[in-house]
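Remarks on the structure that follows.
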């Protein structure tokens, strides 16, 4: 039986928008290293493939409705590469993946930082490739507005090409360290990139030896056509926000076909939809956990969460569905969210409750058996190679994985008991 891959998403220490208001959550833990260290070590003890930190380069919410920002916990966090470098020193096996934007970085910076993390961690680094979509980020980088969407993705494609080229600056055996002759590296095994393109002029070489994985993993999460093309060419892992299995199967088939077109091996890229789990020993216990967090949602925070995907909905009746002529094309996941809401006649209040429950992604409330049935169905029906677990609240969500989900997965032979390799690439079974 095929084993699934599992990652733990740790940003904000929980994916429920009201997690910080829960009586068991300490909001000060959002900037405390010891909390992240302990969760990462628990995840490694359970043999998860990776931990993951999404990131943004601004407080990305507009203050719509007025006062919403001051009711949102997503405004103070640790920079993820700095955090993962510290976690690398206190873990040995688990993968370390973080986001870096191709819009407001330079390829040389990203190539160097992730190569360093790969060396520091002995081969466990991964770069999640994103484009920046918010005007708030633009205002932090000497711009008054964001780049047009097509331009962002064209820049991203060239950005990834340059980074991969820089990672190949030195061949694996280039550094001879020959004290007798005085030769530090073989000049025949140094490759100067000399890239000249539409967006970047980058000479190289990168000031890094070949990394333990050959190159850090590339992870990608864009669902647009151009985003999928970048993933098909370069990504090792793809995160998705599919809300139902048929949507996920269509995405899976499309991406695997695109990857085959570029000559990628059959197992790349691995596709790992996000899912938020509310699990208990009984259905009633799981539902009680869910209901408690849902009861803590502030309507301001709920509407603000929808704003980035659907615009300002505060002028509509919260207990009525969206108008039939309503549409949104703000970012890739907006379309599926709006279409699902229209199809199911979901009210705006129910929309933000759903969005809050899974941070706009899919969530499941139930027992371990019910949840694992669902995960197994996605794995076996060609919808996923594994999952990016987005707990509603940490560290409690990691404890629930250990107590309920992982024992059931292992009972069915769906998840490992021990790591199979030394690097993240090896543990994922990637070439």
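The values are calculated or read from the model by the stated rules, or taken from the named source; none is laboratory data. Just so it is clear, the structure is predicted and the values come from calculations on it, not from any experiment. With ideal geometry, Cβ positions are generated from the backbone for all residues, glycine too; neighbour counts draw on all protein chains shown.
If you check 231, 223, 209 for being buried (at least 20 other Cβ atoms within 10 Å of the Cβ), in contact with a strand residue (DSSP E or B) (Cβ under 9 Å, 6 or more places away or on another chain) and part of a loop (DSSP other than H, G, I, E, B), only one passes: 223.
Against the test of being within 20 Å of the chain's Cα centre (by Cα) and under 21 Å from residue 266 (Cβ atoms), the options 241, 219, 245 yield a single qualifying residue, 219. Every condition in (1) surrounded by fewer than 23 Cβ atoms within 10 Å (Cβ to Cβ); (2) touching a helix residue (DSSP H, G or I) at 6+ places or on another chain (Cβ under 8 Å); (3) modelled with pLDDT under 95 is met by residue 241 except one, and the failing one is (1). In this structure, residue 248 does not satisfy being part of a loop (DSSP other than H, G, I, E, B), in contact (Cβ under 8 Å) with a residue 60 or more places away in the chain and crowded, with 19+ Cβ neighbours inside 10 Å. The residue pairs whose first member lies in segment 147-175 and is on the phi < 0 side of the Ramachandran plot and part of a helix (DSSP H, G or I), whose second member is surrounded by fewer than 21 Cβ atoms within 10 Å (Cβ to Cβ) and at pLDDT below 95, and whose beta carbons are closer than 6 Å, counting only pairs six or more residues apart or on different chains, are 153/226. Of all residues in segment 188-202, one or more are at negative phi, in contact with a strand residue (DSSP E or B) (Cβ under 8 Å, 6 or more places away or on another chain) and surrounded by 18 or more Cβ atoms within 10 Å (Cβ to Cβ). Taken over segment 119-145, residues that are in a helix (DSSP H, G or I) and more than 21 Å from residue 50 (Cβ to Cβ) amount to 5. Counting only helices (runs of 4 or more DSSP H) that sit completely within segment 263-348, those holding 3 or more residues that are modelled with pLDDT under 90, surrounded by fewer than 19 Cβ atoms within 10 Å (Cβ to Cβ) and out of contact with any helix residue (DSSP H, G or I) (no Cβ under 8 Å at 6 or more places or on another chain) correspond to 332-343.
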